[in-house]
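Contents: one structure, followed by commentary.
Read-outs throughout are calculated quantities, based only on the coordinates presented, and are distinct from any laboratory measurement. Because the structure is a prediction, the values reported are computed rather than measured. Cβ: placed from backbone, ideal geometry, glycine included. Neighbour counts: every protein chain shown.
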Amino acid sequence: MRRRSRERESADEREGETETVDEAACPECESGGTVTQVEGELVCEDCGLVIETDNIDRGPEWRAFNHQERQSKSRVGAPTTQTMHDKGLTTTIDWKNKDAYGRSISSEKRNQMHRLRKWQERIRTKDAGERNLQFALSEIDRMASAMGIPRSVREVASVIYRQALNEDLIRGRSIEGVATSALYAACRMEGIPRSLNEVAQVSRVERKEIGRTYRYVAQELSLGMKPVDPVKYVPRFASELGLSEAVESKATEIIQTTAEEGLLSGKSPTGYAAAAIYAASLLCNEKKTQREVAKVAQVTEVTIRNRYQEQIEAFGIY
């Protein structure tokens with residue numbers, strides 16, 4: 001009797017929860033309305049026809065009305081991620097020496113937990129390949145955090161490194177070098193450009209090695225990288241310099257206009273963007289010195305002067 005009442009309560013809680021399955025024509029009204037799943041039944045929203053009754057309801061048996069309630073009722077862990085060598089599927093032993101009630105555990109239990117943590121860390125990696133992957137992914141996460149790179153780009157960088165490891169591209173090269181080049185490639189692929197100088201500042205390898213390894217990995221994995229658009233650097237540089245949106249728009253216009261005349265070919269995108277920002281700041285009466293712009297863009301003042309002269313001549317300003 002109690003079991004029936006619990007089943008009835010669960011059914012009442014699930015009542016009203018729907019899930020969109022597909023947009024197909026209903027065999028009754030043929031209106032092309034949305035077919036939804038309601039408690040294991042496929043129902044047409046327009047005419048109410050029950051198309052299928054034996055469908056499996058894969059949703060939870062509980063309802064939640066806000067994020068906090070959903071988090072407290074959920075009985076599953078975090079989703080899998082490529083940024084961890086085991087994809088986040090291992091057991092983690094908490095470092096706090098407290099029980100479920102928040103009380104401190106005894107010294108005997110504390111020693112036992114210390115041994116468990118030690119063995120847990122040892123058995124997480126079964127061979128040298130996994131230890132390699134664990135170290136490389138931790139390096140990618142460290143560098144991405146230092147540069148403020150979003151989680152999605154870290155996932156892409158982790159996938160690139162896994163592909164390089166599967167293709168045996170690590171042999172003869174440092175783990176840090178391949179990990180850094182994977183992160184640099186992911187930034188370019190996802191449209192969040194970071195210059196080699198910026199990446200080299202947070203890496204443990206030299207800039208020359210990063211560039212050499214990046215070219216090798218991109219060629220072997222057929223990543224098909226396109227040249228970086230200098231326009232993508234403008235918002236970040238302008239924000240760090242404290243310039244207005246008018247300067248940002250003017251710099252973008254200068255880059256687009258001069259690039260159409262072929263001036264961008266063979267030029268560094270960071271230096272080109274820095275020169276455009278410097279020119280735009282002069283035109284909008286928000287002058288910044290070449291030294292200030294060069295410091296933010298991590299280029300030399302000579303580069304800004306050379307690109308600036310070319311841009312103002314092509315833009316028609318003398």
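Each 10 Å bin from 0 upward holds the following percent of the Cα-Cα pairs of the stretch 79-145: 18, 38, 28, 16.
Calculated translational diffusion coefficient of the stretch 128-220 (20 °C, 1.002 mPa s; Stokes-Einstein with Kirkwood radius over alpha-carbon pairs) equals 169 µm²/s. At full extension, Thr90 and Gln309 could sit 73.1 nm farther apart than now, given 0.36 nm per residue minus the alpha carbon distance. Expressed as a rounded percentage, what relative contact order does the stretch 75-216 have, with Cα pairs under 8 Å and six or more residues apart? This gives 21 percent for the stretch 75-216.
Modelled this way, with points 7 Å down the Cα-to-C-beta line, the labels at Gln134 and Arg236 are 3.2 nm from one another.
In this structure, the residue pairs whose Cα-Cα separation is over 18 Å, taken from Lys96/Lys118; Lys73/Lys96; Lys226/Lys267; Lys250/Lys287, are Lys73/Lys96.
Each residue of the stretch 111-128 was assigned a 3J(HN,Hα) from its phi angle through the Karplus curve 6.51 cos²θ - 1.76 cosθ + 1.60 (θ = phi - 60°); the sequence is 5, 5, 5, 5, 5, 5, 4, 4, 6, 4, 5, 6, 8, 5, 10, 9, 8, 5 Hz, with glycine and proline shown as x. Against the chain, whose longest principal axis is taken from its Cα atoms, helix 207-220 shows a tilt of about 60°.
Estimated from the Cβ-Cβ distance and a Förster radius of 25 angstrom, the FRET efficiency linking Ser152 and Ser174 is about 0.45. In deg cm²/dmol, rounded to 500, what helix-only [θ] at 222 nm does the chain give when every DSSP H run of at least 4 residues adds -39500 (n - 2.57) and the total is split over its residues? So the helix-based figure for the chain works out to -17000 deg cm²/dmol. Straightening the chain between Thr34 and Asn97 buys 17.4 nm, computed as 0.36 nm per residue apart minus the Cα-Cα spacing. For Gln120, put the label point 7 Å out on the Cα→Cβ axis and report which residues of the stretch 69-106 keep their amide N under 12 Å from it. Those under the cut-off are 90-98.
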